[in-house]
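See structure below.
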Amino acid sequence: IGNVERETWPKSTSKSLSRDEQERFVNAIFRTKSTKDKAIACLLRYTGIKIGECVSLDIDDIYITAHTGRITVKDGRVVPLNTVARRAVVQWLIDRHKKFGDTEERALFLNPQGNRLSTVGVDLIVRKIGHKAHLNLSAQVLRDTCLSNLVRNGNDLLLVAQIGGHRTNETTRKYSSDRAFYAHQTMEGL
């Protein structure tokens, strides 16, 4: 057998939602009755955290005041919460306490048995809300959308890398390549 060169696969590009798709998804979030589902969808949509980071969140990782809020993910990153995400998380915390009382379980998101919600459970929630918005999406699409929006809105790539938990600038740059696509998409819509 001779020398065989390893084939290199192209780096994946991010898949983010268009403005219209984002509006449809957010509308579907607010039509959802479950405060847990709303909180999960808002966190994934507005923080850019990974599905595993969402599942790993504990109550102690949340810090919310009347005017600010943040989450601390397991790698120590601190990610800000906007008003929409803060309100959704606060409402879930109220309902969580009503439903589960002073449980020993410290996980932020619990399944009906009172145990930590799994990644499969979070994925099903995201897909269910996406289905209501006529979108086939995943938590990764919500992450890509959040980080792409940060870049599109002119945020520094180092800040986006910090929020996204990226180890290399190359990972963050894929979101800036969406900028040209998004600008073209927006111009077509005029």
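Laboratory data are not the source of any read-out in this text; all were calculated from the coordinates shown. What you are looking at is a predicted structure, and each value in this text was computed from that prediction instead of being measured. No Cβ is skipped: glycine too gets one built from the backbone with ideal geometry, and neighbour counts run over all protein chains shown.
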Name the trypsin sites (Lys or Arg not before Pro) in region 75-130 that are in a loop by DSSP and that have at most 13 other C-beta atoms within 10 Å, would you?
ARG106
So what are the ³J(HN,Hα) numbers for region 47-62, from phi and the Karplus equation (6.51, -1.76, 1.60; θ = phi - 60°), rounded to whole Hz, Gly and Pro as x?
10, x, 6, 7, 4, x, 5, 5, 5, 7, 5, 10, 4, 5, 7, 9
Calculate one ³J(HN,Hα) per residue across region 16-27 by plugging θ = phi - 60° into the Karplus curve 6.51 cos²θ - 1.76 cosθ + 1.60, and present them in order as whole Hz with x for glycine and proline.
10, 6, 6, 4, 4, 5, 4, 4, 4, 5, 4, 4
Between ASN136 and ASN111, 0.36 nm times their residue separation minus their Cα-Cα distance comes to what?
6.7 nm
Under the Karplus curve 6.51 cos²θ - 1.76 cosθ + 1.60, θ = phi - 60°, whole-Hz ³J(HN,Hα) for region 92-106, x wherever Gly or Pro sits
5, 4, 5, 5, 4, 5, 4, 7, 10, x, 8, 5, 6, 5, 8
Quick calc: nm separation of the 7 Å Cα→Cβ label points for ARG127 and ASP75 -> 2.6 nm
State the three equivalent ellipsoid semi-axes of region 24-140, derived from the C-alpha gyration tensor as the square roots of 5 times its eigenvalues, in descending order and whole Å.
20, 16, 14
For HIS97 and ARG19, compute 0.36 nm times the residue count separating them, minus their Cα-Cα distance, and round to one decimal in nm.
24.6 nm
